[in-house]
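S.K.: Quick one: the structure is below, and I'll ask about it shortly.
A short reminder: the numbers here are calculations on the coordinates, not readings from a lab. Because the structure is predicted, anything quoted here is derived from the model rather than measured. Cβ: placed from backbone, ideal geometry, glycine included. Neighbour counts: every protein chain shown.
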Amino acid sequence: MRKCIVEKELKSVYVDGDKVMKVFKPPYSKTDVLYEALNTARVEDTGLDIPKLLSVSIDEDGNWIITSEFASGTSLSDLLAAHPENADEYAEAMVDYQIEFNKRSNPLLLKLKDKLSRQIQELDIDNNIKYELSARLESLKKHNKLCHGDYCPDNIIVETDENNKITKMTAVDWVHATQGNASADVANSYLMLKLANASFAEKYISIFCKKTNTDRRYVDTWMPIVAAARLTRKNPDEKELLETMIDICDFQ
């Protein structure tokens, strides 16, 4: 029996047995639906164990549907809310999975630098700031690692044992996946976490830098850039904070 688990203005998510169906309502474009499906398939091609894409179809009302395997378990965000005492352990598991998928790549994925550059140019901000952001982006190293682009506890599904220890983890919603610099992906995740749970954000980035021997200052160089990119989502609740983060001078 089909059960709705997410209901939004333009998108609903249903579970039907071992399948998940995303139903996209007008004016959600065909291009965006097919892009999400293609990105998911390209992530699958890296060999990463994620819920597999099963089909793309149209229902009787003309709504596009993406059907994928159902990932059993609970979201990491729900697990954190239920067991905040395990935050250190959960942050480490989140980092370990990210390190694992950052080892993979697919040359057919959009280049992260190209996407960030386009997003910066779309912004209605001071031209001097736009120039500094673009110059900073161009100066940073080009990598081809698999980046999620929206890696946060809401998009992480986990299974646990009787002691609430994570036994299995996977990530969903790979629509923003790109190939690029892992530190940019980490900066983006840190920013999303900071907006929701500053304490967990600090745990996450500290663990990542320690496990990968990455200088925190290097990740910080990406912060104004990913903040600018996030501004293109035009979320009024985030606007004020993000605008304070895009000044390059504050991150020298």
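S.K.: Take the Cα of S55, step 7 Å along the line toward its Cβ, and report every residue of segment 64-84 whose backbone nitrogen sits under 17 Å from that point.
M.R.: Under 17 Å, as judged by backbone N against the label point of S55, lie 64-70 of segment 64-84.
S.K.: Now for a separate question. Please list, by residue number, every one of the GluC sites (Glu not before Pro) in segment 2-52 that is coil in DSSP and has at most 14 other beta-carbon atoms within 10 Å.
M.R.: E9
S.K.: Additional query: When a/c reaches 1.5 or more, the comparison of a/b and b/c decides; with that in mind, is segment 4-74 rounded, prolate or oblate per its Cα gyration tensor?
M.R.: Verdict is oblate for segment 4-74.
S.K.: Let me ask another. Could you pull out the GluC sites (Glu not before Pro) across segment 53-139 that fall in loop regions by DSSP (anything but H, G, I, E, B) with no more than 14 other Cβ atoms inside 10 Å?
M.R.: E60
S.K.: Going down the table (K113/K234; K194/K239; K3/K30; K8/K115; K113/K203), which pairs top 22 Å between alpha carbons?
M.R.: K3/K30; K8/K115; K113/K203
S.K.: How much length, in nm to one decimal, is gained on full extension between T46 and H83, taken as 0.36 nm per residue of separation minus their Cα-Cα distance?
M.R.: 10.0 nm
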